[in-house]
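The values are calculated or read from the model by the stated rules, or taken from the named source; none is laboratory data. Since the structure is predicted, the reported quantities are computational estimates derived from the model, not experimental observations. As a convention, Cβ positions derive from the backbone with ideal geometry for all residues, glycine included, and neighbour counts pool all protein chains shown.
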Amino acid sequence: MNFSIIEVAFQALASNDPDRISAVFTEDAEWLSPPANATVVALKLIDHTLTVTNHMVGRKAIVRFWAEDFPRLFVGDLDVTFHTSHADGVQGIVEATVTATLANGNHYINDYCFVFEFRDGLIHRVREYTDTARGHRMTFGSVPQ
């Protein structure tokens with residue numbers, strides 16, 4: 001296992017293609033992001049019927065989020081620039097900058113650290129870390145109190 005599974009995963013996520021996304025995750029995969037992050041808050045404002053959460057459990061939930069929900073907020077120019085990475089057969093860590101155009105027309109740019117756990121050549125768990133205050137400022141113009 002090396003960095004290539006992470007590269008393939010980010011290409012799949014950016015494609016919004018359910019089959020490509022599904023192919024890189026285990027059936028019982030999890031994706032954990034910071035609670036009350038701007039993406040979750042904004043998507044619930046866009047469509048209050050969405051059941052988006054900061055802790056997605058299962059391949060189907062992850063695929064639905066990246067193929068259907070994520071593109072509602074990040075509508076264009078999505079780019080991920082990798083800075084530092086390490087991967088072995090068990091775990092991978094990536095520092096990256098994500099840029100995009102948001103549904104409200106704002107330009108989004110934020111730094112992330114993703115920690116991946118692998119199983120059987122697939123991604124089993126992702127822990128996402130980012131500057132949530134910066135994300136809120138770019139998405140809403142202010143940080144929630």
message = Taking the condition of being among the polar types (S, T, N, Q) and modelled with pLDDT under 95, how many residues in segment 102-123 meet it?
response = 2
ask   = For residues in segment 1-12 being out of contact with any Gly (no Cβ under 8 Å at 6 or more places or on another chain) and modelled with pLDDT of 90 or more, which is surrounded by the most Cβ atoms within 10 Å (Cβ to Cβ)?
value = Ala9
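Starting from residues that are outside any loop (DSSP other than H, G, I, E, B) and at pLDDT below 95, keep the ones in segment 13-29 and report whichever is surrounded by the fewest Cβ atoms within 10 Å (Cβ to Cβ).
Kept after step one, since they are outside any loop (DSSP other than H, G, I, E, B), are these residues of segment 13-29: 13-15, 18-22, 25-29.
Okay, now just the ones that are also at pLDDT below 95, so 13-15.
Details: Leu13: 20, Ala14: 18, Ser15: 14.
Within segment 13-29, the match that is surrounded by the fewest Cβ atoms within 10 Å (Cβ to Cβ) is Ser15.
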inquiry  = Could you list, ordered by first residue, the pairs with Cβ atoms under 6 Å in which the first is in segment 38-61 and farther than 23 Å from Ile109 by Cα and modelled with pLDDT of 90 or more and the second is small (Gly, Ala, Ser) and surrounded by 13 or more Cβ atoms within 10 Å (Cβ to Cβ), at least 6 apart or interchain?
reply    = Arg59/Ser22; Arg59/Ala29
note = Across segment 1-40, the tally of residues that are closer than 18 Å to Val90 by Cα and not hydrophobic (A, V, I, L, M, F, W, C) stands at 7
ask   = What are the residue pairs meeting all of these: first residue in segment 81-98, first residue farther than 13 Å from Thr130 by Cα, second residue of a type in the set (Lys, Arg), Cβ atoms under 9 Å, and 6 or more apart or on different chains?
value = Val90/Arg119
